[in-house]
1. Looking only at the stretch 65-79, decide whether some residue is at pLDDT below 90, buried (at least 21 other Cβ atoms within 10 Å of the Cβ), on the phi < 0 side of the Ramachandran plot and touching a helix residue (DSSP H, G or I) at 6+ places or on another chain (Cβ under 7 Å).
2. In the list Q94, Q53, which residue meets the criterion of being open to solvent by 30 Å² or more (accessible area, probe 1.4 Å), part of a helix (DSSP H, G or I) and modelled with pLDDT under 90?
3. Residue by residue through the stretch 374-407, note down the ones that are at pLDDT below 50, out of contact with any Gly (no Cβ under 7 Å at 6 or more places or on another chain) and open to solvent by less than 70 Å² (accessible area, probe 1.4 Å).
4. Taking the residues in the stretch 289-347 that are at pLDDT 85 or above, among the hydroxyl-bearing types (S, T, Y) and in a loop (DSSP other than H, G, I, E, B) as candidates, determine which candidate is farthest from the chain's Cα centre (by Cα).
5. Looking only at the stretch 279-308, count how many residues are within 19 Å of T350 (Cα to Cα) and either of a type in the set (A, V, I, L, M) or surrounded by fewer than 22 Cβ atoms within 10 Å (Cβ to Cβ) (or both).
6. Determine which member of the set R187, R200, R129 is open to solvent by 10 Å² or more (accessible area, probe 1.4 Å), part of a strand (DSSP E or B) and over 24 Å from Q284 (Cα atoms).
7. Going through the stretch 231-253 one residue at a time, which ones are open to solvent by 10 Å² or more (accessible area, probe 1.4 Å) and either closer than 16 Å to V303 by Cα or under 27 Å from the mean Cα position of the chain (by Cα) (or both)?
8. What pairs can you find where one residue is in the stretch 109-122 and in contact (Cβ under 8 Å) with a residue 60 or more places away in the chain and open to solvent by 20 Å² or more (accessible area, probe 1.4 Å), the other is of a type in the set (A, V, I, L, M, F, W, C) and assigned to a strand (DSSP E or B), and their Cβ atoms are less than 9 Å apart, with a gap of 6+ or different chains?
Amino acid sequence: MSASAHPSDFTFDSLPAELVEALSKQGIVTPTAVQAAVIPDGLAGHDVLGRAQTGSGKTLAFGIPVLARLAGERSRPGHPRAVIVVPTRELAQQLSRALTPLAYSLHLKLVTVYGGTPYDRQVRGLKNRADIVVATPGRLEDLINKGACHVDDVQVTVLDEADHLCDLGFYPAIDKLVGMTPTGSQRMLLSATLDGDVDRLVRKHLRSPKLHQLDPNAGAVSTMEHHTLVVGGFRDKVAATKRLVEANGSSIIFTRTREGAVELSEALTAAGVEAVDLHGNLSQRVRERNLQKFSSGKVQAVVATDVAARGIHVDNVDIVIHFDAASDAKAYLHRSGRTARAGKSGCVVTISTPKFADQIARLQRGAGVEVLHHDLRTAPSVLTAEALAASGTKTPARSPQGPRSGGGRPAGQGGSKPYRGQGGGPRRYEGASRPDGRRPSTGGRAHGAGSGNNRWADKTR
């Protein structure tokens, strides 16, 4: 593995004229740092291993070399020449929207395949000489097993958000898929982390890859303000969330469970703040509808679970609110990365009860971010990002009332308390199914599970 220099003199002018024109029509005339670094190595046919901040332009960083390599030839029916594998349906759709106009300019055909939708249209697209397939692993595996898709002509394989693919239990499917592509074909892997199963993929399937580590956390730290807001109890959390959304506009709010996402979105809407939910239990049609409402500005907020976090790729998100604390530092950074995209500023607020403020502070230190701490009783009356940035302290706020009574898990480790106080019934785990509708191939507990039954210990009655 070798680190490659970041060529500062790369321009789009070296690309095919049709591609340059198509980029220009979208207002893209100058490559971002990740594009200037990755595209030359991709065009030269090298295997590429990249780490880059979300929103940095990595889609085109690997997409442009794929398109340029395939231009001028046609694929056989059912035999695509490039495969781009992503963890979620929403990301597959995003990539398709970004790359389809560029592919069209080069007379290339792109087909998107993912679960939760009928096979017929996807199979027809493959038979109609698809050059590029953007796919979630489960549906792609099904289509290969059905004989509708063959990978023996694949010249380029791209694994986007490889760490998330592995987190969702896709390692065996990805390992098998890449192993089926021709030996010596080009492989490009993009990931936020390069350890664990991602490292296994790299060592097994990439040949002397050019490594581009473009400081994935620097942009988040420099353009993102992080805050912790300590409140008295659960109902205060709901009220504080409403105030934050009203003061800041486009908001993404994270809960730990599906039930929590549904209940909180309903509570916000009933209080006059239009919100929708996004989680793995929704049909594809409803997921697309809710995400479209948010991205178009018809609703102010989307309340999402961790499993849906990476499916949200919307620019101009003003604030990320951790209604339930993230499970670990990695999850905290992934959630927070929905704002401050492409160099823009953003605000991140974690809402906590006094009992768990210290634990959340430790989590944030593990994430390597600087945090301002606030007590709701002394916080600004209007909770804008600017007002929060001008107040608070660098040490955790402590309540003079001391710790509340209740269970021992951090706030959010077991999920959100339903707004209407519905705490009974069997527990459902967000990780029980994957974003493409298939179950993970690895065992173990579902994401976000905790021990015991005291799920709502932080509620003040």
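1. Scanning the stretch 65-79, I find no residue that is at pLDDT below 90, buried (at least 21 other Cβ atoms within 10 Å of the Cβ), on the phi < 0 side of the Ramachandran plot and touching a helix residue (DSSP H, G or I) at 6+ places or on another chain (Cβ under 7 Å), so the answer is no.
2. Q94
3. S399, G402, G406
4. The residue in question is S296.
5. 7
6. After applying the criteria, what remains is R187.
7. Matches in the stretch 231-253: V238, A239, K242, R243, E246, A247, N248, G249, S250.
8. Y114/V134; Y114/A135
The values are calculated or read from the model by the stated rules, or taken from the named source; none is laboratory data. Here the structure is a predicted model, which is why all the values come from computation and not from measurement. Positions of Cβ are generated from backbone atoms using ideal geometry, with glycine treated the same way; all protein chains shown enter the neighbour counts. We work out accessible area using only protein heavy atoms, side chains counted, and drop any ligands, DNA or RNA first. Shrake-Rupley method; radii C 1.70, N 1.55, O 1.52, S 1.80 Å.
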